[in-house]
1. Along the Cα→Cβ direction, 7 angstrom out, place labels at Asp82 and Gln249. What is the inter-label distance in nm?
2. Using θ = phi - 60° and the Karplus curve 6.51 cos²θ - 1.76 cosθ + 1.60, what whole-Hz ³J(HN,Hα) does each residue of segment 291-307 get, with Gly and Pro shown as x?
3. Using a basic spin-label model with each label point 7 Å from the Cα along Cα→Cβ, how many nm lie between Phe330 and Glu375?
4. How far, in degrees from 0 to 90, does helix 27-38 lean away from the longest principal axis of the Cα atoms of the chain, to the nearest 10?
5. Taking K and R as +1 and D and E as -1, what net charge do the other residues with C-beta under 11 Å from the C-beta of Gly48 add up to?
6. How large is the translational diffusion coefficient of segment 413-474 in µm² per second when you combine the Kirkwood radius over alpha carbon pairs with Stokes-Einstein at 20 °C and 1.002 mPa s?
7. Of the listed values [x] 20.8, 66; [y] 28.3, 93; [z] 23.1, 77, grab the one calculated as Rg and Dmax of the Cα atoms in Å from the structure here.
8. Apply the a/c threshold of 1.5 to the C-alpha gyration tensor of segment 1-97 and tell me whether it is rounded, prolate or oblate.
Amino acid sequence: MNLKELKKLVASGESDRIEFKSTTGQRTQAMKTVCGMLNGFGGFVFFGVSDKGELIGQDATAKTMADISAELNRLDPPAFPDIETVTLENGKAAIMLRVPGGGGLYTYDGRSYIRNGPTTSIMPKAEYERRLIERLHATRRWENEPSAKGVTIKDLDQDEIQLTLTNTIDAGRMERPRKTDTKSILTGLGLIIDGMLTNAAVVLFGKSRRLESLYPQCLIQLARFRGTDRLSDFADNRQYWGNAFSLLQKAESFFKDHIPIAGKVFPDKFKRQDRPLYHPRAFREALANAFCHRDYAVPGASTSVAIYDDRMEIINPGALHFGITPKALFHPHESRPWNPIIANVFYRAGIIEKWGTGTLNIIEWCKENGNPLPEWNMSSGSVALIFKPLVDKVARKPESQPESQPESQPESLRDRIIHLLSNDILSKSEISNQLGQKQISGQLKKILIELINEGVLSFTIPDKPKSRLQKYKLIKKTKTKNK
């Protein structure tokens with residue numbers, strides 16, 4: 001790096017990727033920052049630059065470099081940032097550490113650090129444990145550990161195992177093995193490791209009722225509420241224990257029992273076109289993905305499906321891992337299922353398609369059926385996938401009384417907000433008034449936050465998000481539905 005490049009980089013100021021230190025006398029604090037950058041996206045640490053970005057320089061002797069190297073040796077695992085010196089106009093030098101990123105799990109002097117903007121802080125315990133589990137994930141995880149003591153092949157569903165083999169062969173995802181006994185099939189599917197039956201085998205094929213007390217997490221909860229929240233009465237409430245294949249079938253049956261069909265007759269066609277309120281393939285794919293990605297290490301947790309008057313939710317215990325965010329699920333992304341053995345069996349059996357395409361398929365099927373885009377939310381140690389109903393919802397009527405006119409598609413609240421802000425800069429209360437709301441609703445607040453996070457809207461006072469003078473403006477054009 002030359003002086004011109006240094007001045008340009010320093011002019012941008014301190015951030016999550018740039019840190020200034022006046023002298024190497026601050027090297028202890030600087031190494032905490034290096035640790036934080038190693039655990040994040042990398043960056044640059046400068047010695048000889050003041051907090052205000054002034055190039056004051058310092059001596060860069062052999063002892064100075066030795067002191068920096070000694071501090072770097074206290075990083076674990078070992079890390080080797082590039083060290084460069086740039087001679088300044090006053091004859092002194094600025095020393096730069098170029099730190100690689102990667103979101104690893106590094107410690108300095110026994111503690112792990114992270115960067116929050118221009119600040120370095122100790123990594124929270126929960127975050128440290130999550131990253132530690134992810135680092136060990138490739139070799140040690142719940143699904144590939146030996147099954148509970150006393151569990152044998154006799155506790156598994158033999159018919160389901162043979163059916164799975166048939167489906168994998170029919171799907172062209174496995175050649176017919178020479179041996180088709182249960183043990184050979186399970187070994188071929190990676191469900192027996194070093195002669196030991198794994199937890200994944202129980203999740204996929206467990207049948208014996210005595211397994212219920214050993215594996216209470218092999219459970220699904222299904223509910224249809226009369227209303228829009230869990231305080232409403234149940235129209236139906238079911239709970240099933242079993243293997244993943246049986247739970248998938250139970251959930252699909254529940255889906256068919258409670259999802260009405262929307263139908264209409266179009267003027268240019270002579271037959272009625274019926275569409276479900278939610279796309280069944282999107283539901284099946286979402287539930288299969290839930291079984292592949294959920295955290296089975298939590299004994300009291302279960303996958304759940306909740307159907308409300310205005311939405312359907314699939315809630316899964318666990319979190320999004322390996323840097324995946326809800327926003328990333330809308331784009332092509334690397335697929336790293338939390339339970340790759342279970343995911344592999346589902347794939348071979350034709351339950352899921354190619355890895356990494358599940359969320360994209362769900363999105364496309366929603367579009368195909370006329371549904372709004374699904375939403376993924378993370379909270380309280382779980383991931384929720386939210387489906388919104390068919391936009392042109394029409395209650396099913398007897399065939400003798402069909403709809404004779406097409407129904408226009410109502411504009412969503414999100415689209416109405418964007419439309420309002422395409423013509424004006426408004427406060428939250430002004431938006432609420434123009435929407436005809438008596439008071440600012442929780443849904444309005446939620447949508448505004450989402451649009452800010454997506455880069456569609458911006459604050460007029462970005463430094464004070466909660467200012468009473470705060471307003472919103474449109475910065476990114478999006479397509480909205482016609483009324």
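Where a number appears in this text, it was derived from the coordinates with a stated rule and is not lab data. Source: prediction; values computed, not measured. Neighbour counts are summed over all protein chains in view; Cβ atoms, including those assigned to glycine, are modelled from backbone coordinates with ideal geometry.
1. Simple spin-label model gives 6.0 nm for this pair.
2. Calculated HN-Hα couplings, in order: 5, 7, 9, 6, 8, 7, 6, 9, x, x, 8, 8, 6, 9, 10, 10, 10 Hz.
3. Label at Phe330, label at Glu375, 1.2 nm between them.
4. 30
5. Values: positive: Lys21, Lys92; negative: Glu54, Asp59.
For residues surrounding Gly48, the net value is 0.
6. On the way: Rh = 11.5 Å.
Here the translational diffusion coefficient equals 186 µm²/s.
7. Computed from these coordinates, Rg and Dmax of the Cα atoms in Å corresponds to label [y].
8. Values: a/c = 1.87, a/b = 1.26, b/c = 1.48.
It is oblate, given that a/c is not under 1.5 and a/b is not larger than b/c.
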